[in-house]
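Some notes on the structure that comes next.
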Amino acid sequence: MAFNDLLKQVGGFGRFQQIQVTLAIIPFFLILVHHTLQNFTAAIPTHHCRPPANTNLSKEGGLEAWLPRDEQGQPESCLRFTSPQWGPPSANGTEVNITRSTEPCTNGWIYDNSTFPSTIVTEWDLVCTHKTLLQLSQSIYMAGLLTGSLFFGILSDRLGRRKLLIWVYLQLAVSGSCAAFAPNFPAYCTCRFLSAMAMNCISCNSLTLSLEWLPIDVRPVFGFLLGFVPIMGQYLLAGIAYAIPQWRLLQLMVSLPFFVFFIYSRFFIESALWYFCSGKQDLALKALRRVAQINGKQEEGAKLNIEVLQANIHKEVTMNQAQTSLLQLLHCPAIRRLSLCLFPLCFTNFFSFYGMIMSLQTLGIDIYLSQMLFATVDLPLYFLCLLSIKSLGRRLTQMGSMLLSGICILVYAMVPLEQLLLHTTMAVLGKGCISASLHCIIIYVGELYPTIIRQRGLNMMIFLGNIGSCLSPLAAMTAKLHPSLPLLIYGAMPVAVSTIPVLLPETEGQPLPNTLQDLENR
């Protein structure tokens, strides 16, 4: 027998599994909420220069006299006249004296607070020459995800899933709440970095702890829920952000629930498989007996002893001891070829996905409606992706979803805002397709690497993908060269790498490779 048989003996998918897995899944509602929170807390309202302090704004046209007009006849956001320019506007909507000298906004800005009463932009004046700090802050957050995958990934194998999960729930609760009270921009970025570190560990450790307590036949359902729950979290963000438009209160409200998660996670039971593989066989036995008791299988739990555990978990322990460093195996041609193909796929998926979900304000429609549309499109495309994986296979699904996403994003970038329906449709479809592609690549990577390095291979690809997510906000800075350039980059990359899956083997209906030889024989 294997460990799966032990799980069935102590209750299978019993009361314990149902309770612990449900409690572990609940925080996943807030994963994408925190990832995309800056769409609302860092939204850029309409703004223009504040006139000099002694300006008489009560006089008719007093404010307009200081504001030059852009090509669309709207007040410039980052310039003002050096002296008031009185007179009627010209026929095309621009000022007669537009050629007169202008200067930057030396007295600050006036913001339109009708949609966003307060954001980090309005509080710290992150506009004009300081606008790039917004992309920098999101890159710092993504760097936290990257750092967390390295730092906490190592600690998870040494300290266990439960202890680390308890800690990161508390870390995110504290750092997220502190971000809501940050006195300045550097302090805010520091808190967001720490939150991102914890968020990465929460997603990985919750997944591992849950899978190690679930029977094999229940794991596909759990995998489906892990993809479904964050999608529903996007609806949650739209509702909360609409109800709470003040950025500090919004930041606080999405962080406080992690104090609750911290409290109840203390009642989680550590993975018996981790206990055993760490040489703590007595604790593994105690954990299994506790699970048997909760599941109403006390008699079956009483039959367990160290010898029974050793006989049943021998395969898992042997596999754990046989795991080799992925870097040591890169000299193997099959592993090297596989990794070289998967790296650009993972990098591009993360890069374009985060680029799209952080571009809500470019749609030209209400930002809350944009959030709802981006969430809604994920539901049918998620189910369509799962259906396509089963019917067409992983390879064709991966190619098709990346190609379609790239084409839609490119069309979105080139269609003018005046054609609002087509503009919005292409944006929503592009985001939905790249989201489906991201779901597919995670499944595909897990099936391509052999068992002896599967977890490490998946971790490495997610790490490399997170590099793409770090660079994605920086690509948004190219909008200074041309407003559509970031979208062109987000769209061109999926198209460029969409043919790479041709070089990969199909895994649908095939047994998972266990050894390097199995991979070579494909």
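The values are calculated or read from the model by the stated rules, or taken from the named source; none is laboratory data. Keep in mind that this is a model prediction, so the values were computed, not measured. Methodologically, a virtual Cβ is constructed for each residue, glycine included, from the backbone with ideal geometry; neighbour enumeration extends over all protein chains shown.
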ask   = In this structure, is Lys286 charged (D, E, K, R), in the same structural domain as Val168 (by TED's automatic domain parsing) and crowded, with 19+ Cβ neighbours inside 10 Å?
value = no
task = For Thr362, indicate whether it is touching a residue at least 24 places away in the same chain (Cβ under 8 Å) and β-branched (Val, Ile, Thr).
result = yes
ask   = Does Thr106 satisfy the criteria of being farther than 27 Å from Phe351 by Cα and either among the aliphatic types (A, V, I, L, M) or assigned to a loop (DSSP other than H, G, I, E, B) (or both)?
value = yes
query = Looking only at residues in the range 407-423 that are of a type in the set (A, V, I, L, M) and in a loop (DSSP other than H, G, I, E, B), which one is nearest to Val502 (Cα to Cα)?
reply = Val415
Residues located in the range 443-475, provided they are of a type in the set (Gly, Ala, Ser) and at pLDDT 85 or above = Gly465, Gly468, Ser469, Ser472, Ala475
ask   = Which of (1) more than 18 Å from Gly227 (Cα to Cα); (2) among the aliphatic types (A, V, I, L, M); (3) in contact (Cβ under 8 Å) with a residue 24 or more places away in the chain; (4) in contact with a Leu (Cβ under 9 Å, 6 or more places away or on another chain) does Leu381 not meet, given it meets every other one?
value = (1)
query = Given Pro51, Pro45, Pro27, which one is surrounded by 20 or more Cβ atoms within 10 Å (Cβ to Cβ) and at pLDDT below 90?
reply = Pro51
Candidates Leu381, Leu404, Leu396, Leu386 - the one that is at pLDDT 90 or above, assigned to a helix (DSSP H, G or I), under 22 Å from the mean Cα position of the chain (by Cα) and in the same structural domain as Leu438 (by TED's automatic domain parsing) = Leu404
remark   = Residues in the range 291-306 that are part of a helix (DSSP H, G or I) and without any contact (Cβ under 8 Å) to a residue 24 or more places away in the chain total 4
task = Select from the range 457-500 the residues that are under 28 Å from Thr147 (Cα atoms) and polar (S, T, N, Q) and list them in ascending order.
result = Asn459, Asn466, Ser469, Ser472, Thr478
ask   = Looking at (1) more than 20 Å from Thr36 (Cα to Cα); (2) polar (S, T, N, Q); (3) surrounded by 23 or more Cβ atoms within 10 Å (Cβ to Cβ), which is the one condition that is false for Ser469?
value = (1)
Qualifying positions in the range 108-138 - modelled with pLDDT of 90 or more and under 16 Å from the mean Cα position of the chain (by Cα) = Ser137
